[in-house]
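What follows is a single structure, written as structure tokens, with notes after it.
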Amino acid sequence: MNDLADMPAPLGADAIEALFALPFNDLLYRAHTVHRHHFDPNEVETCALLSIKTGGCPEDCGYCSQSARHDGPASRGTPLMEEDEVRAFARRAKAQGARRLCMGTAWRGPKDRHLERIIRFIDIARAEGLETCMTLGFLDAEQAQRLKQAGLDYYNHNINTSPEHHENIVTTHTFEDRLRTLENVREAGLKVCCGGILGMGETRRDRARMIAALAALPEPPQSVPINMLVPMPGTPLENAPPLDPFELVRTIAAARIALPTARVRLSAGRHAMSDELQALCFFAGANSIFLGEKLLTTDNATPGHDATLFETLGLRATVSEEVVNRK
Ligand code: SAM
Ligand code: DTB
Ligand code: SF4
């Protein structure tokens, strides 16, 4: 299937919603079959996450503790981190078995004057033998190119929810704004990490539409984080009713089928999930996690717990060929 014309059309929202409606076992069987076809089912990618500039963000994303517009725990901002702190974290993450370091900022987007230090952070993580990912908010075409030239591997920029539900969650930017940054990132030749959050009052149709929107991008993202909302005190979504865990598994399975070659990351919210639920998600096609005590501002599953879970399930952390070859 080398010819683009031979590529199957991406699944649309109706087809994806029909997947959600399958009996649970049928959906899981289909998803796991696709998963095995494209990936080693016992191997999971491990990414560490570091907040290099926390809080004080001008945007009003309803789920986020870092918005200056909410009364959340990180509504007030810290300065951009120093290089030594990033180096020490990268070293520890590598020792704990992380393959990639994702660095995040509570910005609408970087100012050009920030990029020099961001580029030094990329060098630092690469020097420790890690793949690199940044999530800095909106990027213009030139900023994306500068990051690519600096050796950045991935850029994370989530669509977060369906195009239709987006305006219920954030008013300071549009869904189309997010698509524009994704285009700049893709055009610069960076790998795209793009996913969303579940449990923000969306319907099953919205979840199907979100996956359809990811599958309809000009190229499917290489990495798709699926976050469970971590309800943060002081944010508009602090009292959002929790999502049925089986619906999380169904969403992972639908994402696996609609995005067969993407790494699907079981992202925020793992600290509140049982081992059995995580095992079902891995069976349904999740094959990436964030490793480390903390996400950006909230707790993650502990590395010790994850090591035991991997042992129990016979899972292995991915060894990166790219990183091996780079040395
Ligand atoms: N400011 C940049 C942006 O919004 O693109 C980058 C950092 S932002 C915190 C990265 C992602 O974290 C968001 O797109 C969202 O998917 C996720 N996130 C933030 N708060 C969350 C929460 N309370 N629960 C789950 N995911 C969350
Ligand atoms: C993503 O999709 N999830 C990560 C990462 N990309 C940047 C962030 C999760 C944040 C969870 C809430 C917090 O720790 O503040
Ligand atoms: Fe700012 Fe990103 Fe949080 Fe939105 S998700 S408030 S852009 S840090």
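The values are calculated or read from the model by the stated rules, or taken from the named source; none is laboratory data. Since we're looking at a predicted model, the values are computed, not measured. All Cβ positions, glycine included, derive from the backbone under ideal geometry; neighbour counts span all protein chains shown.
Tell me whether the range 247-257 contains one or more residues that are modelled with pLDDT of 95 or more, buried (at least 16 other Cβ atoms within 10 Å of the Cβ) and in a loop (DSSP other than H, G, I, E, B). No: the range 247-257 contains no residue that is modelled with pLDDT of 95 or more, buried (at least 16 other Cβ atoms within 10 Å of the Cβ) and in a loop (DSSP other than H, G, I, E, B).
Taking the listed residues L147, L243, the one that is surrounded by 16 or more Cβ atoms within 10 Å (Cβ to Cβ), in a loop (DSSP other than H, G, I, E, B) and either more than 10 Å from ligand 1 (Cβ to nearest atom) or not hydrophobic (A, V, I, L, M, F, W, C) (or both) is L243, with no other qualifying. Exactly one residue out of E116, E131 is more than 19 Å from R180 (Cα to Cα) and within 16 Å of ligand 2 (Cβ to nearest atom), and it is E131. Within the range 209-232, restricting attention to residues that are within 15 Å of ligand 2 (Cβ to nearest atom) and assigned to a loop (DSSP other than H, G, I, E, B), the residue that is surrounded by the most Cβ atoms within 10 Å (Cβ to Cβ) is P221.
Among the residues of the range 296-310, just one is crowded, with 22+ Cβ neighbours inside 10 Å and either within 16 Å of ligand 3 (Cβ to nearest atom) or under 15 Å from M103 (Cα atoms) (or both), namely L296. Taking (1) more than 14 Å from the chain's Cα centre (by Cα); (2) more than 14 Å from ligand 2 (Cβ to nearest atom); (3) buried (at least 20 other Cβ atoms within 10 Å of the Cβ); (4) not charged (D, E, K, R) in turn, T235 satisfies each apart from (2). Within the range 25-41, residues that are more than 11 Å from R250 (Cα to Cα) have Cβ atoms under 7 Å from residues that are surrounded by 18 or more Cβ atoms within 10 Å (Cβ to Cβ) and among the basic types (K, R) in these pairs: V34/R256; H35/R256, counting only partners at least 6 apart in sequence or on another chain. Figure legend. Inter-residue proximity from the range 295-309: first residues under 17 Å from L50 (Cβ atoms) and assigned to a loop (DSSP other than H, G, I, E, B), second residues more than 8 Å from ligand 2 (Cβ to nearest atom) and hydroxyl-bearing (S, T, Y), beta-carbon distance below 9 Å, spacing 6+ or different chains. Indicated pairs: L296/T54; T297/T54.
Criterion first (closer than 30 Å to A253 by Cβ, within 14 Å of ligand 1 (Cβ to nearest atom) and not acidic (D, E)) does N156 satisfy it? Break it down stepwise before answering.
On the way: closer than 30 Å to A253 by Cβ: yes; within 14 Å of ligand 1 (Cβ to nearest atom): yes; not acidic (D, E): yes.
The answer is yes for N156.
Got at least one residue in the range 34-56 being under 23 Å from A268 (Cα atoms), away from ligand 2 (no atom under 15 Å from the Cβ) and touching an Asp or Glu at 6+ places or on another chain (Cβ under 8 Å)? Within the range 34-56, none of the residues are under 23 Å from A268 (Cα atoms), away from ligand 2 (no atom under 15 Å from the Cβ) and touching an Asp or Glu at 6+ places or on another chain (Cβ under 8 Å). Counting residues in the range 172-180 that are closer than 30 Å to A307 by Cα and out of contact with any Pro (no Cβ under 8 Å at 6 or more places or on another chain) gives zero. Name the residue that is farthest from ligand 3 (Cβ to nearest atom), counting only residues in the range 55-93 that are surrounded by fewer than 23 Cβ atoms within 10 Å (Cβ to Cβ) and among the hydroxyl-bearing types (S, T, Y). Step by step, filter the range 55-93, then rank; the result is T78.
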